[in-house]
Amino acid sequence: MFKQKALYYLIFYLFGYAISLINTGIPNYMYLIPVKVIALAFSLIAGNASFYVIVLRRTIAEAGVHIIKYCFIAIVLLFFFALFKSIMIGFGIDITPLIGI
């Protein structure tokens, strides 16, 4: 099942990465880090939603019910990295490019 979802994850990760770069711009080379938490969250939610609708032929309402779990995971992931960012700022390390904001 993951191999089928991997294509949707990749497509929406690249889309989320592009959105993140457009949103933040590229003030220095650190913003070109290929791992962005915003893009991961976007690919998790949009990739699973499109997989449920396109491959499994679920209705949008059914897919929405299944996506609630992935929305919660994405929110927890973003919250964790925001907390991690505030801790790392205390040590003088800026991980803002990793988060994608």
**Item:** Neighbour-count ranking [beta-carbon atoms within 10 angstrom, fewest first] of 30, 1
**Value:** 1, 30
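Relative contact order for the range 17-101: what is it in percent, counting Cα pairs under 8 Å that are at least 6 residues apart?
RCO, the range 17-101: 43 percent.
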**Request:** Give the cross-link partners of residue 5 among the lysines, using a straight C-alpha distance below 29 Å as the criterion and excluding same-chain residues fewer than 8 apart.
**Result:** 36, 69
**Request:** Choose one of 83, 38, 25: the residue whose Cα lies farthest towards the positive end of the charge dipole of the chain (beta-carbon charges +1 Lys, Arg; -1 Asp, Glu; about the Cα centre).
**Result:** 38
**Item:** Nearest-20 debye value, the range 2-99 charge dipole, Cβ charges on Lys, Arg, Asp, Glu
**Value:** 320
**Request:** Determine the sum of side-chain charges near residue 9: Lys and Arg each +1, Asp and Glu each -1, restricted to other residues whose C-beta is under 15 angstrom from that of residue 9.
**Result:** +3
**Prompt:** Ranking 31, 8 by Cβ neighbours within 10 Å, fewest first, what do you get?
**Reply:** 31, 8
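The numbers here are math on the coordinates, done by the rules we state, and not lab data. These numbers come from a predicted model, not from an experiment. A quick note on method: Cβ atoms are made from the backbone with ideal geometry, for glycine too, and the neighbour counts reach across all protein chains shown.
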